[in-house]
Amino acid sequence: MSVAAEQSTTDPALQSWLPVSPESDFPIQNLPFGCFLAADGTPHLGVAIGDRIVDLHAVAVEGFFDDCCGRALLQATTLNAFLGAGADVWSPVRRRLWDLLRVGGDARLRNGRIERMLVKRDGAALRVPMEIGDYVDFYSSIEHATNLGRLFRPDAEPLLPNWKWLPVGYHGRSATIVIDGTPIRRPCGQRKAPGASAPEFGPSRRLDIELELGFTVGPGNELGRPIAIGNAANHIFGFVLVNDWSARDIQAWEYQPLGPFLGKSFATTISPWIVTLEALEPFRVPATRQDPAPLDYLALERNSSYDIHLAADLQTRRMHERGVPPKRISQSTFGGIYWTAAQQLAHATVNGAVTRPGDLFASGTISGSGTGTQGSLIELTWNGERPIQLPDGESRTFLEDGDEVTLRGWCETQGARRIGFGMARGRVEPAT
Ligand code: CA
């Protein structure tokens, strides 16, 4: 290692010798991890930079990481083993990549067989980068929880008595987590019209999105050994965008008394690139002040969040056919979320439950308080009462077949290079 060891990998002045456009989500300050299908059809781990993917498998073969990471971790077909290795491995690997890619850094990659090690990102087949053993979805935005309380239980207090004491969540279905671009089949299920004496079965008529972020667990914990809140950051690798597609009619009929089930488990879309906590460090902000003060196991003296901008865009089939660009239907921010990632992880393990490398913890829908900042259609249209107007005279309350939703996320602040999360897209297909 050179003098670069003292330099921050997120220094905004640094440039890569690879061309990276100023508006790219993936400058050298980001270096998010993912997985793609190599030319021979096998999954390779990779890191995104500009319009390229660094093929970690191919770079590891050259021995460039031999002093900081076992080759097997980078030549695996999923990220799980690397995630389990912890920050003592993640950090030097990230720094080595940064050094190999920066102007004035380690020249071995630049002078090597570049075409084998740098794959075009456009057109690459991306995969969910880790095997997700368990998937948890929280409900941690106070604005979202308040709005949904008002909509689902109009005659009661919007927040239930436990909401400000613990991060409410449920266990989701990890097997139906899909990568950006995977079509979303409209689910069928039981739905019961207000006032009807019995439910009927059929395709959901109230298909919705949920604009969320999720974090990936690094090293897990053993059975009976909770993760202390002060140590939670060491167990978190990074964040992805999450669209927790929701069938509101199925959800409304099934959710009491045990919570969400088939209204949620048919599909959850994530973005392909995991943005690491190290890359997010310049965008760390103090967490929202909590009142009442949380119990000790959820209390962190300097609890923090990340200032991440989020947006959802909608393009109907007709807009697509006529070449009308997607319309932004929601714009929100993550920084003010009530329960933070550290609190979610501490809470989920406080009873001794196990987490494993690759587990996904979603935040819950992230809504703000202003017009157009709500992260779901049920809030944006107030239960379908106020349709969203679209170009060409179309409107939407909930999603129709052929609609495509794209989630985006990015960070920008003074004194830092803008970084982004890429996209989480899904187009609705008719029910079977
Ligand atoms: Ca959700």
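The values are calculated or read from the model by the stated rules, or taken from the named source; none is laboratory data. All figures in this text were calculated on a predicted structure; none of them were measured in a lab. Cβ sites come from the backbone with ideal geometry, for glycine too, and all protein chains shown count toward neighbours.
Within this structure, ARG102 passes the test of being more than 23 Å from ASP180 (Cβ to Cβ) and either touching a Pro at 6+ places or on another chain (Cβ under 6 Å) or at pLDDT 95 or above (or both).
The residues on offer are ARG425, ARG417, and the sole one that is within 30 Å of ILE28 (Cβ to Cβ), assigned to a loop (DSSP other than H, G, I, E, B) and not assigned by TED's automatic domain parsing to the domain that holds ALA81 is ARG417.
Does SER304 meet the test of being surrounded by fewer than 22 Cβ atoms within 10 Å (Cβ to Cβ), at pLDDT 95 or above and within 27 Å of ARG173 (Cα to Cα)? No: the conditions fail for SER304. The set of residues from the stretch 34-81 being assigned to a helix (DSSP H, G or I) and in contact (Cβ under 8 Å) with a residue 40 or more places away in the chain comprises ALA58, VAL59, ASN80, ALA81. Scanning the stretch 17-57 for residues that are surrounded by 21 or more Cβ atoms within 10 Å (Cβ to Cβ) and among the polar types (S, T, N, Q) yields GLN29, ASN30. Quick one: would you say VAL128 is among the β-branched types (Val, Ile, Thr) and surrounded by fewer than 21 Cβ atoms within 10 Å (Cβ to Cβ)? When the stated conditions are applied, VAL128 does not pass them. Looking at this structure, is TRP273 touching a strand residue (DSSP E or B) at 6+ places or on another chain (Cβ under 9 Å) and either within 26 Å of LEU380 (Cα to Cα) or among the small types (Gly, Ala, Ser) (or both)? Judged against the criteria, TRP273 is not a match. For the stretch 328-367, the set of residues classified as under 28 Å from LEU399 (Cα atoms) and within 16 Å of the ligand (Cβ to nearest atom) consists of SER330, SER332, PHE334, ILE337, LEU360, PHE361, ALA362, SER363, GLY364, THR365, ILE366, SER367, listed by residue number. Of all residues in the stretch 7-51, those satisfying the criterion of being farther than 16 Å from ARG417 by Cα and within 20 Å of the chain's Cα centre (by Cα) are PHE33, GLY34, CYS35, PHE36, LEU45, GLY46, VAL47.
Taking PRO292, is it closer than 19 Å to PHE26 by Cβ and not hydroxyl-bearing (Ser, Thr, Tyr)? Judged against the criteria, PRO292 is not a match.
Filtering the stretch 164-199 to residues that are closer than 23 Å to SER363 by Cα, surrounded by 16 or more Cβ atoms within 10 Å (Cβ to Cβ) and small (Gly, Ala, Ser) leaves GLY169, GLY172, SER174, GLY181. Scanning the stretch 168-186 for residues that are more than 16 Å from the ligand (Cβ to nearest atom) and either over 27 Å from the mean Cα position of the chain (by Cα) or among the hydroxyl-bearing types (Ser, Thr, Tyr) (or both) gives a single hit, THR182.
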